1. Quick check for me: using +1 on Lys/Arg Cβ and -1 on Asp/Glu Cβ, what's the dipole size of the chain about its Cα centre, in debye to the nearest 20?
2. Any idea what angle helix 56-66 forms with the longest principal axis of the chain, computed on alpha-carbon atoms, 0 to 90 degrees, nearest 10?
3. Of VAL33, VAL59, VAL14, which is the most mobile in a GNM of the chain whose springs link Cα atoms less than 10 angstrom apart?
4. Specify the angular offset, from 0 to 90 degrees and rounded to the nearest 10, of the alpha carbon long axis of helix 29-49 from the longest principal axis of the alpha carbons in the chain.
5. Using the count of nearby Cβ atoms within 10 Å as a rough guide to exposure, how do LEU76, LEU64 rank from fewest to most?
6. Of the listed values (i) 101; (ii) 169; (iii) 74, identify the label whose number matches volume of the Cα convex hull per residue in Å³ calculated from this model.
7. Could you list the GluC sites (Glu not before Pro) in region 41-83 that lie in coil according to DSSP, counting only those with at most 10 other Cβ atoms within 10 Å of their Cβ?
8. Once both labels are modelled 7 Å past Cα along the beta-carbon direction, what's the ASP57-ARG45 spacing in nm?
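Each reported figure results from applying straightforward, stated rules to the coordinates on display, with no laboratory input. Everything quoted here is computed from the prediction, not taken from an experiment. Here the Cβ positions follow ideal geometry from the backbone for every residue, glycine too, while neighbour counts run over all protein chains shown.
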Amino acid sequence: MYDGRQETLNPAVVALVPLAHARSGEIGPATIVDRLMGVMIAEARRCLEEGVIKSPDDVDFALLSGAGFPAFRGGLMKYANRRG
């Protein structure tokens, strides 16, 4: 409760996440990582298509050196290629 009000789920968020998964606990760490990485990969691909970035290596270098992307993954685009 917050200020005497009962907490409720945001309907817009509920529409994005099936309640069966949210209630049963089926969404685990691997699924969360996969979904978040998917968003980053899609944005990087969009930037490549629009010519904002010249090559996938530029994406990898920028994220490894500037954003703290985990080096053991080799870079976002290398991760994306392994992921399929």
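1. Working: 10 positive and 10 negative charges, 46 e Å.
Taking the Cα centre of the chain as origin, the dipole is about 220 debye.
2. 70 degrees
3. VAL14
4. Orientation of helix 29-49: about 50 degrees from the principal axis.
5. In order of increasing Cβ crowding within 10 Å: LEU64, LEU76.
6. Computed from the coordinates, volume of the Cα convex hull per residue in Å³ corresponds to (ii).
7. Listed in order of number, the matching sites are GLU50.
8. 2.2 nm
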